[in-house]
Amino acid sequence: MNKTYYFLIALTFALGFGALFLPEKSHTKEITPEQLFYKMNNPSRFVTTDQVARLIIESDPALLLVDARSPDQYRLFSLPGAMNIPMKELVDSNGIICSKWVDYLDIEGLNVIFFSNSDVIADQVWVICTRHELDNLYVMRGGLNTWAETILKPQKPFESSPIEEFALYDFRRGACQYFGGGSISIKSDVVADPVPRIRRKKKTVVAGGC
Amino acid sequence: MIHAKNPRRLTLSLIVFVLIIIVGLITMNKPEFSYKNNSAQVLKSILNKEGELIPEKAIFYAEENNPSFVFVDIRNPYEYIKGHIPNAINIPLTELLSKETMKTFDKYVRDKTTIVIYANTQTEANGSWMLLKQLGYSDIKVLIGGFEYYSKELKENEKVPETPEYFVETPKYDFAKIAKEASSN
Amino acid sequence: MGPLISQGYINQEWNFVIALLLGVAFGYILEASGFSSSRKLAGVFYGYDFVVLRVFMTAAMVAMIGLVYFDHMNWIDISKIFILPTFLTSVIVGGVIMGLGFIMGGYCPGTSFTGVAIGKLDAVFFTAGLYLGIFIFSTAFPLIEGIYYGGELGPVTVMETFGISRELFAFLFIMATLMAFFVVSLVQKRVKKIEV
Amino acid sequence: MKNLEERSKQYLNPYFGGVLLGLLLLLTVYITGRGLGATGAIKSSIVTAVDRVAPTYAENQAYYSKFLSDDHHPMSNWLVFETIGIFVGAFLSGLIAGRVKKFRIEHSPKITPKTRLIFATLGGMLFGIGSQFGRGCTSGAALSGTATMATAGFLAMMLIFGSGYLFAYFFRKLWI
């Protein structure tokens, strides 16, 4: 045998052996911390209660409301059509968002709005979901406390207020009528089972063939 | 017909392959930031509330200038100048991941100083706090209630009510009841 | 970075040009390695010529270890490459049939094309047989659908099946390959030479 | 000069061929995200032909309709172009090495050319059927599959060669 082959065998062996010492690499779907930071600083991730009310009234098909509070609180009151993803049960023990939630959240073209009593828990859920490559996520500013103050109990503006405030007040009055009527009966005991959604197709993976 | 016996080209091709890999390994750019904690760990520390600092304690620490706590104001410099927690340092949000900030934070970590992030509200500081937590800073807290509550507290200097206002996630109202009222009106 | 096309680094219009170029290189290497000769190919089963095993195993080894390193260097996103889905029943039936076809025909599809290209009549017939076989399969598909979809495991990798890391598998594969080369060279010395 | 000319007539050193093929496979995966293949093109052309002759049948039959869609012609497929490339590349190589000749049949001296052709066709037919079950042939499933560490590819490789050895005894007259 040609002597060169000994060298080649050694080289191949070294390649394989070297591979064993490569540091471990995680393959979970995540965006980088820089990307997360960038998305975090984008103020448009917050939506107001008025915007949410309008979307619900218009019954926007691309809207998914997610109640991040506990199931008990969800059962007592929630926004119409909202599904419940309790923050406690968001991720599995490996730190990956449970696939039962991903099936709802990771749908092309769907806008997901998180809310809680205020906006802290919703924001925490937002950060975790955004880290895991989910897109089009929003947080309702002020949460249900603000919802109650603005939509359910709109405050009449002062006489001297600009005309826009009155327009907003009129809208809120209308919204109040709308939500006052039906919201209690909606999905009062169904936990996390809103309209059936299609599972998103993975488009990044190429299709094969011989 | 026979195969070429001379392995010269074979050697050459294999060496080129190895060289590509070696060059690749050398020039590999290490990501500047990487997550040290996975989401399960982060969620756990959120749920057990170990990273939260209530304003009463914050006032206490800030006034006595406790060296084991440093307050980091992540609002913009203008707001910072208008008013801030005594002895707080200002790192505007946009600078959070800059080299200098990281150096500063690393110094605090070495000194075992607890970093307390705050902004006007807890939500405003929440993202930065969670990001740093995920980057592996364990001794980092967020001021609940934010500077809004803190400054108000200072001004009024009153006794704290039963359920303090800064626990924003406690429902302020009986939503179901209000909704019913709204429909009856 | 990679895969370039699915990540959008290369325009879809260039897709087919690239396919053609890669095909040319593929055909060239196959032919130049001697894969256009059916008797050379069949030699691997009788021990007089192990070119198939040598080329095949070396190629698999190089590509495999390359992917391991490329993945580590972030040159390729390994989660985005196509992993052949495993249908256990189907692949067992298919593998056995293919082995039988290999020993009878002396070619496999890719090599038969190279045989056709340099004018081997048996390769032409083999290719015609391929058409016939796929046509038969497609037409009889409703009858054999059960086998085709049998034992579905999804796109699993050997790491998941054996529960070992990618790097360890690559290392073991290299070891096995080097061993195989050694054994094969011993066998070839003992078997009567056949000139093809 | 004479040495070089002589060498061009030789086959490549098999390991050299292997390294080249491996690098090519790596490049293919790097660019396209999947491996090389061969039978896919034949499948595409059969689907096209059947669709041309009997469109309603093709649409209603489960296997054909899998590869038919309105916005995408089955022949405008990555693998079809790749297969055309295989022919061109092999022809080039054969031309350089002087291996391109008019039709000839390669067979063991123990059998007639006719027997060889019959078995070649039969073998091709079996390989065609098998490649559909295996979802790829030697290059598509076994080689690319093993390189990307797909269990199916690894299994296919073991099974193709394993069953080849298993049946080798019965067909020895064809080759030795």
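The values are calculated or read from the model by the stated rules, or taken from the named source; none is laboratory data. Given the structure is predicted, the values throughout are model-derived calculations rather than measurements. A quick note on method: Cβ atoms are made from the backbone with ideal geometry, for glycine too, and the neighbour counts reach across all protein chains shown. Side chains included, ligands, DNA and RNA excluded: accessible areas come from the protein's heavy atoms. Shrake-Rupley method; radii C 1.70, N 1.55, O 1.52, S 1.80 Å.
Checking the structure you have, find out if any residue of the range B:64-73 is modelled with pLDDT of 85 or more and assigned to a helix (DSSP H, G or I).
There is no residue in the range B:64-73 that is modelled with pLDDT of 85 or more and assigned to a helix (DSSP H, G or I).
What number of residues within the range C:147-182 satisfy the criterion of being free of Cβ contacts under 8 Å to residues at least 40 places away in the same chain, more than 20 Å from C:VAL62 (Cβ to Cβ) and more than 10 Å from chain D (Cβ to nearest Cβ)?
Qualifying residue count, the range C:147-182: 2.
Give me a count of the residues in the range D:135-157 that are at the interface with chain C (Cβ under 7 Å from one of its Cβ atoms), of a type in the set (Ser, Thr, Tyr) and touching a residue at least 12 places away in the same chain (Cβ under 8 Å). Before you say what the answer is, go through the steps one by one.
Just the residues of the range D:135-157 that are at the interface with chain C (Cβ under 7 Å from one of its Cβ atoms), to begin with: D:135-139, D:141, D:143, D:145-156.
Imposing the further condition that a residue be of a type in the set (Ser, Thr, Tyr) reduces the set to D:138-139, D:146, D:148, D:151.
From the residues that got through so far, the ones that are touching a residue at least 12 places away in the same chain (Cβ under 8 Å) too are D:138-139, D:148.
Residues meeting the conditions: 3.
Taking the range A:119-149 only, how many residues are of a type outside the set (Lys, Arg) and not in a helix (DSSP H, G or I)?
Total meeting the criteria: 11.
If you go through the range C:60-105 one residue at a time, how many are at the interface with another protein chain (Cβ under 7 Å from one of its Cβ atoms), assigned to a helix (DSSP H, G or I) and within 29 Å of D:ALA120 (Cα to Cα)?
Of the residues in that region, 17 qualify.
Test of understanding: among D:ILE160, D:ILE129, which residue is at the interface with another protein chain (Cβ under 7 Å from one of its Cβ atoms), among the hydrophobic types (A, V, I, L, M, F, W, C) and open to solvent by 10 Å² or more (accessible area, probe 1.4 Å)? Break it down stepwise before answering.
Working: D:ILE160 fails: open to solvent by 10 Å² or more (accessible area, probe 1.4 Å).
None of the other options fit; the residue is D:ILE129.
What single numbered condition from (1) over 18 Å from C:VAL24 (Cα atoms); (2) surrounded by fewer than 23 Cβ atoms within 10 Å (Cβ to Cβ); (3) not acidic (Asp, Glu) fails to hold for D:ILE96?
(1)
How about the range B:31-60: which of its residues are in a helix (DSSP H, G or I), in contact (Cβ under 8 Å) with a residue 12 or more places away in the chain and over 18 Å from A:ASP123 (Cβ atoms)?
Those that are in a helix (DSSP H, G or I), in contact (Cβ under 8 Å) with a residue 12 or more places away in the chain and over 18 Å from A:ASP123 (Cβ atoms): B:PRO55, B:GLU56, B:ALA58, B:ILE59.
Listed residues A:LEU55, A:LEU11, A:LEU65, A:LEU36; which is in contact with a Gly (Cβ under 8 Å, 6 or more places away or on another chain), more than 10 Å from chain C (Cβ to nearest Cβ) and either outside any loop (DSSP other than H, G, I, E, B) or open to solvent by less than 70 Å² (accessible area, probe 1.4 Å) (or both)? Break it down into steps so the answer makes sense when it comes.
Numbers: A:LEU55 fails: in contact with a Gly (Cβ under 8 Å, 6 or more places away or on another chain); A:LEU11 fails: in contact with a Gly (Cβ under 8 Å, 6 or more places away or on another chain); A:LEU36 fails: in contact with a Gly (Cβ under 8 Å, 6 or more places away or on another chain).
One residue alone meets the criteria, A:LEU65.
Could you please tell me which pairs satisfy a Cβ distance under 7 Å, a separation of 6+ or placement on different chains, a first residue in the range D:95-112 that is under 19 Å from C:VAL124 (Cα atoms) and at the interface with chain C (Cβ under 10 Å from one of its Cβ atoms), and a second residue that is in a loop (DSSP other than H, G, I, E, B) and open to solvent by 100 Å² or more (accessible area, probe 1.4 Å)?
Partner pairs satisfying both residue conditions: none exist.
Quick one: would you say A:LYS187 is at pLDDT below 80 and either at positive phi or over 25 Å from the mean Cα position of the chain (by Cα) (or both)?
Details: at pLDDT below 80: yes; either at positive phi or over 25 Å from the mean Cα position of the chain (by Cα) (or both): yes.
Yes: the conditions hold for A:LYS187.
Would the range A:170-177 turn up any residue that is in a helix (DSSP H, G or I), within 13 Å of chain B (Cβ to nearest Cβ), within 19 Å of A:LEU76 (Cα to Cα) and at pLDDT below 90?
Yes, some residue in the range A:170-177 is in a helix (DSSP H, G or I), within 13 Å of chain B (Cβ to nearest Cβ), within 19 Å of A:LEU76 (Cα to Cα) and at pLDDT below 90.
Which residue pairs have Cβ atoms under 6 Å apart, sit 6 or more places apart or on different chains, and have a first residue in the range B:1-24 that is facing chain D (nearest Cβ under 9 Å) and a second that is open to solvent by 80 Å² or more (accessible area, probe 1.4 Å)?
Qualifying pairs under 6 Å: none.
Based on this model, can you work out whether C:THR111 counts as assigned to a helix (DSSP H, G or I), more than 7 Å from chain D (Cβ to nearest Cβ) and open to solvent by less than 10 Å² (accessible area, probe 1.4 Å)?
On the way: assigned to a helix (DSSP H, G or I): yes; more than 7 Å from chain D (Cβ to nearest Cβ): yes; open to solvent by less than 10 Å² (accessible area, probe 1.4 Å): yes.
Against the criterion (assigned to a helix (DSSP H, G or I), more than 7 Å from chain D (Cβ to nearest Cβ) and open to solvent by less than 10 Å² (accessible area, probe 1.4 Å)), C:THR111 qualifies.
Name every residue in the range B:13-30 that is of a type in the set (A, V, I, L, M, F, W, C) and assigned to a helix (DSSP H, G or I), in order of residue number.
Within the range B:13-30, the first condition is being of a type in the set (A, V, I, L, M, F, W, C), and the residues that meet it are B:14-23, B:25-26, B:28.
B:LEU14, B:ILE15, B:VAL16, B:PHE17, B:VAL18, B:LEU19, B:ILE20, B:ILE21, B:ILE22, B:VAL23, B:LEU25, B:ILE26 - these are the residues of the range B:13-30 that are of a type in the set (A, V, I, L, M, F, W, C) and assigned to a helix (DSSP H, G or I).
Taking the criterion of being in a helix (DSSP H, G or I), facing chain D (nearest Cβ under 8 Å) and touching a residue at least 60 places away in the same chain (Cβ under 8 Å), would at least one residue in the range C:14-24 satisfy it?
Within the range C:14-24 (the criterion being in a helix (DSSP H, G or I), facing chain D (nearest Cβ under 8 Å) and touching a residue at least 60 places away in the same chain (Cβ under 8 Å)), the answer is no, since none of the residues qualifies.
Let me spell it out: the conditions are (1) open to solvent by less than 80 Å² (accessible area, probe 1.4 Å); (2) under 30 Å from B:LYS152 (Cβ atoms); (3) not β-branched (Val, Ile, Thr), and B:PRO7 meets all of them except one. Which number is the exception?
Here B:PRO7 meets the rest and fails (2).
Determine whether A:GLU30 is charged (D, E, K, R), over 21 Å from the mean Cα position of the chain (by Cα) and either assigned to a loop (DSSP other than H, G, I, E, B) or closer than 30 Å to B:TRP129 by Cα (or both). Steps first, please.
Numbers: charged (D, E, K, R): yes; over 21 Å from the mean Cα position of the chain (by Cα): no; either assigned to a loop (DSSP other than H, G, I, E, B) or closer than 30 Å to B:TRP129 by Cα (or both): yes.
Taking the combined requirement at face value, the residue does not satisfy it.
Among what's in the range D:31-79 and is part of a helix (DSSP H, G or I), more than 8 Å from chain C (Cβ to nearest Cβ) and of a type in the set (A, V, I, L, M, F, W, C), pick the residue that is surrounded by the most Cβ atoms within 10 Å (Cβ to Cβ).
D:ALA41
Could you count how many residues in the range C:33-59 are in a helix (DSSP H, G or I), open to solvent by less than 10 Å² (accessible area, probe 1.4 Å) and facing another protein chain (nearest Cβ under 7 Å)? Let's see the steps before the verdict.
Let us first name the residues in the range C:33-59 that are in a helix (DSSP H, G or I), namely C:38-46, C:51-59.
From what's left, open to solvent by less than 10 Å² (accessible area, probe 1.4 Å): C:38, C:40-44, C:51-52, C:55, C:58-59.
Adding the requirement that they be facing another protein chain (nearest Cβ under 7 Å) leaves C:38, C:42, C:51, C:55, C:58-59.
Of the residues in that region, 6 qualify.
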